[in-house]
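What follows is a short report on a single structure.
None of the figures in this text is laboratory data; all of them are computed from the coordinates on show. Only a predicted model underlies this, so the values are computations on that prediction, with no experimental measurement involved. In this analysis, Cβ positions are derived from the backbone assuming ideal geometry, glycine residues included, and neighbour counts consider all displayed protein chains.
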Amino acid sequence: MTRRGRILAWTGGVIGVLLLVTAGVGAWVYQHLDSNIHGADVGSRLGGDRPANLSPGSKNILVVGSDSRAGANAKYGKNLETMQSDTLMVLHIAANREWATAVSFPRDSWVPIPACDKGKGVMSKPHHFKINEAFSIGGESGDIANAAACTIKTVEKNTGLRIDHFVSVDFQGFKGMVNALGGIEVCPKHAIHDKKAHLDMDAGCQNVTDEKALGYVRTRYSVGDGSDLGRIGRQQEFMKALGEKAQSKLSSPTALYGFLDSATKSLTTDKDLAGVKPLSELASTVKDIPSNRLTFLTVPNYSREADVPTDKANVIWQYPQAGQLFSDLAHDREVDKKKLAEASKNPITARSVKVRVLNGTGRTGVGAKAAEQVRRLGFTVVATGNAPANVTRTEVGAPAALKAQAEVLASRFPGTKATGTAGAAGAAPGVVTLTVGPDFPLPN
């Protein structure tokens, strides 16, 4: 595949293909495509409590596959009146433009969701839930800027990555892109019958268009193990094929125009990216990245059932591996996918971590409430008590041998740091100490 072909494939055929727009289309076509792209005022809604930019020159772009159930999308779900996000990833483009990594987040990721503006002056309360709920909370009033802002705040809070740009791709535009190219070939190993995805497919290679193409990338419960992780893999493969097919259609002005028209109509971005030119410039910055340094991966995770036996529907990000991944990207360090996979083979579950909870606030009853919150997250609380002195922030302390376990505990409360042996004095062997400060998120 040519270098241009690689960039079209790995960016999913949406952003990368816009490189072609500036190479010979008429002015009226350019203006039409440019006006298709919607811009949302996201930046003014994020507030000031955001991660620092630790790698100036690099870019972190949040990409959301939106399945708003409004209008033509209504049939894809019932009792869903707000915007929904079906796919979520962060694309990191290195400052030197020599490598890039796309990290997918399973929509069933169980994470803390911060307070968000729901519109009409109403704020949601901080709570734990599936990560894709952030988009629907912010979009409750139908404002995609709020939906994007809540999603960005949630991703930033849980990863420590500073998000520079936002791109949302809608269901209906996706179908238009596929149809304009005459369909995409897929090769399911087994027949698929999924009522939720409106999909009936025989096994074997076949060309899919319209509803069948959309159903294929949305199907989950009727394929493989029924997990969101399997769907992520299928989506990545499909989008790569979409980009390759777009490249093959360059000689057909009609097909290419139809593709670009659907692609741009489906896009909503932050205001800085709202146009063909800035999107094309973004894509062109990475056109020389070799294919072996374009990495797709999924944040390390494990089933939450391992921590909370009654929860068979969600996954937990795996620490310390996820923390190292986010730190590498924040500092613009290239990720070794094989090394990450090897390190993630044996997850440390919350249930396996023994915790002593100490009240460092000086307020009566805080320790007991915090201990209950820790138990709800699946950790094994073995002792409670009062800290020898009050603290200004929540701390996690442990001996060096329990560093990984301390990071697992700290990860469940974003902003909390594992502080080595600090606060661990007096703990029984094999026990991590959580000293609760005034910032600890107590349950309601």
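Treating only the Cβ of Lys, Arg, Asp and Glu as charged (+1, +1, -1, -1), what charge dipole size does the chain show about its Cα centre? Round to the nearest 20 debye.
Details: 53 positive and 42 negative charges, 150 e Å.
Dipole magnitude for the chain comes out near 720 debye.
Report, in debye and to the nearest 20, how large the dipole of region 96-149 comes out about its Cα centre when Lys and Arg carry +1 and Asp and Glu carry -1 on their Cβ.
Once rounded to the nearest 20, the dipole reads 80 debye.
Any chance you could run the full-extension gain for Ala306 through Ala400? It's 0.36 nm times the residue separation minus the Cα-Cα distance, nm to one decimal.
31.3 nm
Calculate the radius of gyration of the Cα atoms of the chain to one decimal place, then report Dmax, the largest Cα-Cα distance, as a whole number, both in Å.
Cα radius of gyration and Dmax of the chain are 23.0, 74 Å respectively.
Out of the DSSP beta bridges found with both residues in region 350-436, what percent are antiparallel (nearest 5)?
20 percent
Hey, what angle do you get for helix 228-248 against the long axis of the chain, alpha-carbon based, 0 to 90 degrees rounded to 10?
In the chain, helix 228-248 runs at an angle near 30 degrees to the longest axis.
If you line up the long axis of helix 27-36 against the longest principal axis of the chain, both from Cα atoms, how many degrees apart are they, to the nearest 10?
30 degrees
Rank these for me by crowding, Ser344, Ser58, going from fewest to most other beta carbons within 10 Å.
Ranked by crowding around the Cβ, least crowded first: Ser344, Ser58.
Count the DSSP beta bridges whose two residues both fall in the chain, then state the antiparallel fraction as a percent rounded to the nearest 5.
Numbers: 34 of 63 bridges.
Beta bridges within the chain, antiparallel portion: roughly 55 percent.
If r is the Cβ-Cβ distance from Met123 to Ala389 and R0 is 35 Å, what FRET efficiency results, to the nearest 0.05?
On the way: r = 34 Å, r/R0 = 0.97.
Here the calculated transfer efficiency is 0.55.
Per 0.36 nm of contour for each residue apart, how much would the distance between Val382 and Ser248 grow if the chain were fully extended, relative to their Cα-Cα spacing?
Once the chain is fully extended between Val382 and Ser248, it gains 42.1 nm.
Once phi is turned into ³J(HN,Hα) by the Karplus curve 6.51 cos²θ - 1.76 cosθ + 1.60 with θ = phi - 60°, what whole-Hz value does each residue of region 384-392 show in order, with x for glycine and proline?
Each residue's phi maps through the Karplus curve to give 9, x, 9, 6, x, 8, 6, 10, 8 Hz.
Fully extended, how many nm does the chain gain between Ser344 and Asp49 (0.36 nm per residue separation, minus their Cα-Cα distance)?
Working it through step by step, the gained length comes to 103.1 nm.
Return Ser55, Ser251 ranked ascending by Cβ neighbour count within 10 Å, so the fewest neighbours appear first.
By the 10 Å Cβ count, ascending: Ser251, Ser55.
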